[in-house]
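The values are calculated or read from the model by the stated rules, or taken from the named source; none is laboratory data. Bear in mind that the values here come from a model prediction, so they are computed numbers and not experimental data. As a convention, Cβ positions derive from the backbone with ideal geometry for all residues, glycine included, and neighbour counts pool all protein chains shown. Calculation scope for accessible area: heavy atoms of the full protein, side chains included, ligands and nucleic acids excluded. Shrake-Rupley method; radii C 1.70, N 1.55, O 1.52, S 1.80 Å.
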Amino acid sequence: MSQLRDPAHRVSPRARLMWQVETGITALVVVVGIGVAAVLLGPDDLRWWLVALAVVVCATVAVVVPRWRYAVHRWEVSANAVYTQRGWWAQERRIAPMSRVQTVDLAQGPLARLFGLATVTVTTASAAGPLQIEGLDRPVALALVDELTRKADLAEGDAT
């Protein structure tokens, strides 16, 4: 049995920093919430140990998860298919034939705009849902949208 190779292209290195900021904001919200709950629950030395533990866990997640995601996230486009690999805890590899591509979308949230990044979403005729390539440099994402649209049109013409 042959092993499926990783897709050829990594996402932008700035994606790792953007994911650290996103994860850091989430971690900060969690720590503040736990801290407020600890203050409201009354005097108990154990609660401050729990707050300290939450800070350590959240800080570790904010540092480790973005690096892990960056190591995993990859993408590739061939003449026949779009191939993506993503995730950090649960990892997913998807290959979609060009003949199945229905739409190609580009999205940028506020943090992505700040970092000059974008997400390309490829919707296919699949029950598994769309393929997403997060953390692309905006010019790369724009070129990828054009390329996928062109190849999907060619594949559709070949199918008819």
Query raised in the report: Over the chain, what is the mean sequence separation of C-alpha contacts under 8 Å (at least six apart), divided by residue count, expressed as relative contact order in percent?
Result: 23 percent
**Report entry** Span from the the range 84-100 Cα centroid across to the the range 4-45 one, whole angstrom
**Finding:** 24 Å
Query raised in the report: Under a point spin-label approximation (7 Å from Cα along Cα-to-Cβ), what is the D6-T123 distance to one decimal in nm?
Result: 3.2 nm
Query raised in the report: Which value in deg cm²/dmol, rounded to the nearest 500, describes the helix-derived mean residue ellipticity at 222 nm for the chain, given -39,500 (n - 2.57) per DSSP H run of n ≥ 4 and division by the residue count?
Result: -18000 deg cm²/dmol
Query raised in the report: Can you give the percent of C-alpha pairs in the range 1-71 whose distance is more than 15 Å?
Result: 63 percent
Report summary line: Measure of exposure for L4: accessible area at 1.4 Å probe, Å² rounded to 10, is 90 Å²
**Report entry** Approximate shape of the chain as ellipsoid semi-axes (Cα gyration tensor, √5λ), whole Å, largest first
**Finding:** 40, 16, 14
Query raised in the report: Looking at the chain, do any whole DSSP H helices span at least 18 angstrom along their long axis by alpha carbon and average 0.0 or above on Kyte-Doolittle, and which?
Result: 13-40, 45-72
Query raised in the report: So if R0 is 22 Å, what FRET efficiency would Q91 and L114 give, r being the distance between their Cβ atoms, rounded to the nearest 0.05?
Result: 0.25
Requested in this report: Express the carbon and sulfur contribution to the solvent-accessible surface of the range 1-106 as a percent, rounded to the nearest whole number, probe 1.4 angstrom.
Outcome: 65 percent
Query raised in the report: What distance in nm separates the simple spin-label points at V61 and D105, each placed 7 Å from Cα in the Cβ direction?
Result: 2.7 nm
Query raised in the report: How much length is gained if the chain between E76 and V39 is pulled fully straight, taking 0.36 nm per residue apart and subtracting their Cα-Cα distance, in nm to one decimal?
Result: 8.3 nm
**Report entry** Whole-number accessible area per residue in Å² for the range 34-96, which is evaluated in the context of all protein chains at 1.4 Å
**Finding:** 62 Å²
Report task. Treating only the Cβ atoms of Lys and Arg (+1) and Asp and Glu (-1) as charged, compute the dipole magnitude of the chain about its Cα centre; round to the nearest 20 debye. Result -> 300 debye
